[in-house]
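Working notes, structure below.
Please treat every number below as a calculation from the coordinates, not as lab data. What you are looking at is a predicted structure, and each value in this text was computed from that prediction instead of being measured. Ideal geometry is used to build each Cβ from the backbone, glycine not excepted, and the neighbour counts take in all protein chains shown.
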Amino acid sequence: MVDKLDIIVADDNPDFVHLFKELCTTISGINIPGIARSKAMLVAKINSGKPDLVLLDLTPDMGGIQMVDTIRKANPGINVIITYDPDNHDADMLVQALEMGVYECIEKPISIESRQYSEFRLLLLTIIGLLISRKRFSSKPILEYKNKFFMPVETEDKLPDKPSKPVPFTGKIDIVVIASSTGGPEILSQIFSILPGNLNIPILLVQHIPADMTQYFAKSLNGKSELDIFQAAHGDQIMPSKVYVAPGGQHMTVSKPDNLGQRTIQLDNSPSVNSVRPSADILFESIAKSYKGNILAIVLTGMGEDGKNGVAEMKNSGCLCISQKAETCVVYGMPRAVDDAGLSDESLDPLNITQKIVMMVQQNLSYRSS
């Protein structure tokens, strides 16, 4: 029997602490060894207990953003979820925490009757299930997520089903598309800090992130990169060496080329797909219709299967797909989906993904000169 998940709640708000304790009575498999109401209390409890998970509010009394670094240095194996007040928070700081490797940032529920409560509980159930399963299958890094909470199950080794009659990839790329979710901000920061500014191809990115953080996330990436990275707007022309980040809460698609071969970004508020908006599937399916081949798709760490169906559509046009290697993922869900479907051409770690993009751009130059 797997031990229960030990969770420390680090928060100086007694109302939230009480609500969280009430919530935990409805969730099995967890244990709360203590509540930390100050930075000193939290450090002491981490040093004495080595919890599996810390729910942390980034208030000055709790140590602010520096506490994330303190926890990771004390024990990199401790998972951190940032909880924040939806009406009073620093989105820039939350993005920084995500880039430092925290598991998720979740809105605090106001009350049991609030919208945030059910969303908070569902996401917490998902994460707790994943972490407990990680302990249970600690000797098996390859996990599969099939039910609605993306829980791992043991599977027999089998050959993946190959997509039917994919169009051969030419070796040339006209566009790069990236799908990313849980754990993605940290990986994307690494990738974009290395990519050169003269790629001469556009990059379109779907990162599952709260809507009010997307602009800060794009700004943070832009400050680390030679490329021009920004939150996409409706009607933006797609230009080389620019990175278009899909706004949180909106689906992003690409128009078909006009008479001059120009394409534009289209945004809409249609229903969520795969329980997310923006959805990588929605973007990828529009890419398949707009670009007749020469597509490089990258699927990074994240829960669920968003991106799988879209990659299958792009394969019918001519697409090379790279998935993030399992052992480097925070959650091996989205990459696993494309791997199991036989849609991934290569499984690489983040550094090699970056090098692959640069290598393929260099191949583009040889196409132009020939």
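Laid out as a table, the results:
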read-out	value
For region 175-369, convex hull volume per residue from C-alpha positions, Å³	104 Å³
DSSP beta bridge pairing in region 31-112, given as percent antiparallel to the nearest 5	10 percent
Normalised convex hull volume, region 5-136, alpha-carbon set, Å³ per residue	97 Å³
Overall Cα dimensions of the chain - principal axes, largest extent first, Å	66, 45, 37
Region 5-136: Lys pairs at Cα distance under 22 angstrom, eight or more positions apart or on different chains	12
Of the DSSP H helices in the chain, those whose Cα atoms cover at least 30 Å axially and whose Kyte score averages -1.0 or more	115-136
Listed peptides 341-352, 292-303, 72-83 by packing density, highest first (mean Cβ within 10 Å)	292-303, 341-352, 72-83
Length gained when the stretch MET239-ILE27 is fully extended (0.36 nm per residue, less Cα-Cα span)	71.5 nm
Cβ-based net charge around GLN207, under 15 Å, with every Lys or Arg adding one and every Asp or Glu removing one	-3
Antiparallel DSSP beta bridges within region 175-369, percent to nearest 5	20 percent
Residue order, fewest to most surrounding Cβ atoms within 10 angstrom, among PHE217, PHE120	PHE120, PHE217
Pairs of lysine residues in region 175-369 - Cα separation under 12 Å, sequence separation of 8 or more or cross-chain	4
Gain upon complete extension [ASN13, ASN352; 0.36 nm per residue less C-alpha separation]	117.7 nm
Residue order, fewest to most surrounding Cβ atoms within 10 angstrom, among LEU195, LEU283	LEU195, LEU283
Beta bridge orientation in the chain: antiparallel %, DSSP, nearest 5	15 percent
Inter-centroid distance (Cα atoms) of region 265-301 relative to region 45-107, Å	31 Å
